[in-house]
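Please read the structure below before turning to the comments.
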Amino acid sequence: MKILFISGREPSYTRNSVIIKGLKNNSIDILECTSNKKTYFKRYIEVISKFLLKKDYDIVFVGFLGQPLVPIIKKLTKKPIILDAFISIYDTLCFDRKTYTPNSIFGRVAYKLDENSCNLSDLVLLDSKAHVDYFNNTFNIKTDFKRLFVGADTEVFFPQNQTICSNDFNIFYYGTYLPLQGIEIIIKSAKLLEKYPEIKFKIVGRGPESTKIEDLAKQLHIKNIEFINWIPYEKLPIEISNSDICLGGHFGSIDKGKRVISGKTFQFLAMKKPVIVGNNPANKELLEHEKSAMFVEHDSPEDLAEKILELKNDIELRKKIAENGHKTFKKKCTPEKIGLELKEIIEKMI
């Protein structure tokens, strides 16, 4: 069996890299049509150019971000097409980032792009059943869906010993400051915990809401958060390993954040860290409250602060959550497990 893999994002993007590695680890031959160009437009041009030169394959796997590629690929091959939709472009642009209104020209184009790319494919993958429900309820799609967890690269993210000994209790979060992440909830929660001087927060990243979050921290006179613009991907495990609790999220009130399991959550689980996540249908597909993760209500700094304190004061609970979360990850979310699940799906299609 030979799979042609083509995507709009770089092959190193987490969703794509886990799938590629998972398939290879399950002895699947992959023809890669990928690009590391800096813009989507340049990447799309390069991957389609590569695609035109490929002949011998059994199925086309369109990885993230592949919706714009599907109509072109459909005209160029009669082989089955699997689309890893992963996100809704319409939902992301109109309701998450609010770049366009749903009824604007760009909003309607995004809607049709999601709908048509799914209908032109033979199978569509999404990262949660909650996300599948959204697609079925929002678009007129006749193609079948399958859930495939995001997972994490176990060559990068694995249990490690803390390298820094400290009396502080360290809370770690990183993100791209997107609205759905709800970083303002973390800021307000940190303010509520200032009376515990040993509790320290570290937030890594930059993004669209960086200025808004920084202004909020200044207004609240936050003293227990260290903000870091960014760190190299390969150094993330060091920061994670030196943390006592990791915040997976998402914590905001945006609906999209309640339909997905954040990519960082899988990485924290892979490193056997106690993780706090939003109480939503997507996280419940994989995790259990106070067994493999600690759940908090969305848009609630008070609940987040309360759960942080509960974990801080109960080392046995932290150990249990970390251990069970890691077991869950190994059972369902390693690249090998995800690759095997995908291999079995593909074998039924060809």
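What follows is calculated from the coordinates using simple rules that are stated; it is not laboratory data. Because the structure is a prediction, the values reported are computed rather than measured. Cβ sites come from the backbone with ideal geometry, for glycine too, and all protein chains shown count toward neighbours.
A few remarks follow.
- Rounded Å value of the spacing that divides the Cα centres of region 292-310 and region 9-45: 36
- Ordered by the count of other Cβ atoms within 10 Å of each Cβ, fewest first, Thr77, Thr211 give Thr211, Thr77.
- Cross-link pairs Lys50/Lys337; Lys50/Lys75; Lys129/Lys291; Lys129/Lys348; Lys284/Lys307; Lys50/Lys112 - those with Cα-Cα distance over 24 Å: Lys50/Lys337; Lys50/Lys112
- When Phe266, Phe149 are arranged by Cβ crowding within 10 Å, least crowded first, meaning fewest neighbours, the order is Phe149, Phe266.
- Computed on region 169-332, with alpha-carbon pairs under 8 angstrom and 6+ residues apart, the relative contact order is 24 percent.
- Computed P(r) (all Cα pairs; region 129-249; 10 Å bins; percent): 11, 35, 29, 18, 7, 1
- Environment charge at Val47 (Cβ cut-off 13 Å; Lys +1, Arg +1, Asp -1, Glu -1): +3
- With contributions of -39500 (n - 2.57) from each DSSP H run of at least four residues, the per-residue ellipticity at 222 nm computed over the chain stands at -11500 deg cm²/dmol.
- Fully extending the segment from Lys212 to Asp122, taken as 0.36 nm per residue of separation minus the present Cα-Cα distance, adds 28.2 nm.
- Environment charge at Val260 (Cβ cut-off 15 Å; Lys +1, Arg +1, Asp -1, Glu -1): +2
- Region 220-308 - Debye-derived log10 I(q)/I(0), Cα point model, q = 0.11, 0.23 Å⁻¹: -0.32, -1.25
- Each peptide in 48-60, 13-25 receives the mean, over its residues, of other Cβ atoms within 10 Å, and ordering these scores from highest gives 13-25, 48-60.
- When the chain is treated as a Gaussian network with alpha carbon springs shorter than 10 Å, the biggest mean-square fluctuation among Gly278, Gly205, Gly257 belongs to Gly205.
- Top of Ser262, Ser210, Ser88 by mean-square fluctuation, Gaussian network on the chain, Cα under 10 Å: Ser210
- Region 65-131, relative contact order in percent, only Cα pairs under 8 angstrom and at least six apart counted: 44
- Neighbours of Ala217 by Cβ distance under 15 Å: Lys/Arg scored +1, Asp/Glu scored -1, total +2.
- Interatomic Cα distance distribution for the chain, bins of 20 angstrom, percent: 30, 57, 14, 0
- Per-peptide packing, taken as the mean over residues of other Cβ atoms within 10 Å, places 67-76, 289-298 in the sequence 289-298, 67-76 from highest down.
- Spherically averaged projected area of region 169-332 from its Cα convex hull (nm²): 8.4
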